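Working notes for the structure below.
Just so it is clear, none of the values below were taken in a lab; they were calculated from the coordinates. As the structure is a prediction and not an experimental result, all values here were calculated from the model. Here the Cβ is made from the backbone with ideal geometry for all residues, glycine too, and neighbour counts use every protein chain on show.
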Amino acid sequence: MFNLPNSSIHGFGIDLSDLSIKIIDLKKKGGNFELASFGRQEIPAGLIENGEIKKEEELIALIKKSVKEVKGRGLKSDYCIVSLPETESFVRLVHLPLMKKEEMAEAIKWEIEANIPLSLPEIYYDWRVIETAAGARQDYLDILIGVLPQRTVDPYLSVLKKAGLKPFVFEIESLAIARALVPGGCCDKPLLIIDVGAKRTSLAIFSGQTVYFTASLPISNSSIVETMSEKLNIDQEKAKQIKIEQGLDYKNPGSLTLRALAPLMDETTKKIKDYIDYYQEHLPAAPNAQSNKISSALLCGGGANFAGLPEFLTEKLGFPVFPGNPWSNVFKGAPKNISGLSSGEALSFATAIGLAIRGLKE
Ligand SMILES: Nc1ncnc2c1ncn2[C@@H]1O[C@H](COP(=O)(O)OP(=O)(O)OP(=O)(O)O)[C@@H](O)[C@H]1O
Ligand SMILES: [Mg+2]
């Protein structure tokens, strides 16, 4: 989405979060993709807060450092594809009556005004018609609209340019994640994708060939640590250690962690179920999907490594939930353990990998 001119250039993927910068660059060799470079740079708290850049100079210096210090062959281009915080973006599916292509652009403006709490001069947007199955007749058009507020995009654009980069696509995070996780970019049953990040957790529903719905969930790695610290009366460092070493301790009926996190986990599962119900009741099945019923979920983000979380969600949601393979469209076969980037760590790079795949395809 949000292409700037000249879209035939190679770009690397850069995922900017409140607490980290993640970079992936891919290259093509023969018919295959290869990992060219990757890097992760932690961002100290306070530089970006809830997606808002607070300390521009320091962030610029960190972006330059992360670009310079990537592992692998090094970045050959300044062009990059960027994702921005999901909480700031909107993805909406709208139905329109059949109409001529020239009329669509105008109709979409009306839909945006009606559905999005920002006015047209305040946003960047893009849209695409969801293809119907070959031969299927439909008396309306399904159109996916993606919107990013200018007040979110512009400060990042400015910072990245000042760091010497040339951002040429800004993409909504869930679209990048889906490009990494959904094998072949297509599934015949709707799939739930949950990105459990340091500060934010987002949910996306993917069906057919696209994301149909996105939402935020009330849990994150930070809220897990804060809740454990408060309920178990331990400091946050200790809580982090238990989270990584023991996880949810889900199989243990006496698990203190599970008990401490029960209200947060219950609230999260309730929200997930509500979104599933909303999707199944209100949104159309993708043209090439067998049904609208969600029957599996993939996790990504560092929190997908939280031991016991997949099992917990599997039991509560009643269908299989497991960590996705963010390399599914890059390498053939099982997730690779790349030197310096284990398959567990790669779960944090799902967004950056999806951006990099687009960077190669553009
Ligand atoms: N084995 C593990 N168990 C539990 N948590 C883990 C594990 N490994 C990593 N994490 C957590 O994952 C988080 C980092 O995830 P990720 O890199 O996806 O976040 P982010 O993209 O920087 O944040 P956000 O998307 O919220 O802005 C950290 O909070 C880290 O503690
Ligand atoms: Mg993230």
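With N set to the number of residues, divide the alpha-carbon radius of gyration of the chain by 2.2 N^0.38 Å and report two decimals.
Working it through for the chain, the quotient is 0.99.
Hey, what number do you get for the chain at 222 nm if only DSSP H runs of n ≥ 4 count, each worth -39500 (n - 2.57), divided across all residues, to the nearest 500? Numbers along the way, then the final one.
On the way: 10 runs with 123 residues, N = 362.
Computed ellipticity for the chain at 222 nm equals -10500 deg cm²/dmol.
Can you grab the distance from the C-alpha centre of the stretch 18-79 to the C-alpha centre of the stretch 246-298, Å, no decimals?
Taking the Cα centre of each part, the stretch 18-79 and the stretch 246-298 sit 31 Å apart.
Taking Cα pairs under 8 Å and at least six residues apart, what relative contact order does the stretch 12-361 come out at, in percent?
On the way: 685 pairs, mean separation 70.7, N = 350.
With pairs under 8 Å counted, the relative contact order is 20 percent.
What translational diffusion coefficient, to the nearest whole µm²/s, does the stretch 146-211 have by Stokes-Einstein, given a Kirkwood radius computed over alpha-carbon pairs, a temperature of 25 °C and 0.890 mPa s viscosity? Present the calculation step by step, with values, prior to reporting the outcome.
Values: Rh = 13.7 Å.
So the translational diffusion coefficient is about 179 µm²/s.
What number comes out for the charge environment of S348, summing +1 per Lys or Arg and -1 per Asp or Glu over other residues with Cβ under 12 Å away? Walk me through the numbers before you get to the answer.
On the way: positive: K22, R40; negative: D15, E42, D195, E345.
After counting each charged neighbour, the total is -2.
Can you give the alpha-carbon Rg of the stretch 178-294 over 2.2 N^0.38 Å, where N counts its residues?
In units of the 2.2 N^0.38 Å rule of thumb, it is 1.26.
Using only the alpha carbons of the stretch 4-111, what is the convex hull's orientation-averaged projected area in square nanometres? Working shown, then result.
Working: hull surface 41.0 nm².
The orientation-averaged projected area of the Cα hull of the stretch 4-111 comes to 10.3 nm².
Report the FRET efficiency, 1/(1 + (r/R0)^6), for I234 and E42, where r is their Cβ-Cβ distance and R0 is 22 Å, rounded to 0.05. Can you show the working numbers first?
Details: r = 23 Å, r/R0 = 1.04.
FRET efficiency, I234 to E42: 0.45.
Kindly work out what percent of the DSSP beta bridges joining two residues of the chain are antiparallel, to the nearest 5.
Working: 49 of 66 bridges.
Taking every DSSP beta bridge with both residues in the chain, the antiparallel ones total about 75 percent.
Ranking request for peptides 204-210, 111-117: highest mean number of other beta-carbon atoms within 10 Å first, then the rest in descending order. Mind dumping the intermediate values first?
Values: 204-210: 23.6, 111-117: 13.4.
The densest-packed peptide leads the list: 204-210, 111-117.
So for the pair K64, K76, with labels modelled 7 Å out along Cα→Cβ, what separation do we get in nm?
Between K64 and K76, the simple spin-label model gives 2.5 nm.
At R0 = 25 Å, how high is the FRET efficiency between M104 and K273 if r is their beta carbon distance? Nearest 0.05 is fine. Could the numbers behind the result be given before it?
Details: r = 35 Å, r/R0 = 1.39.
Calculated value: 0.10.
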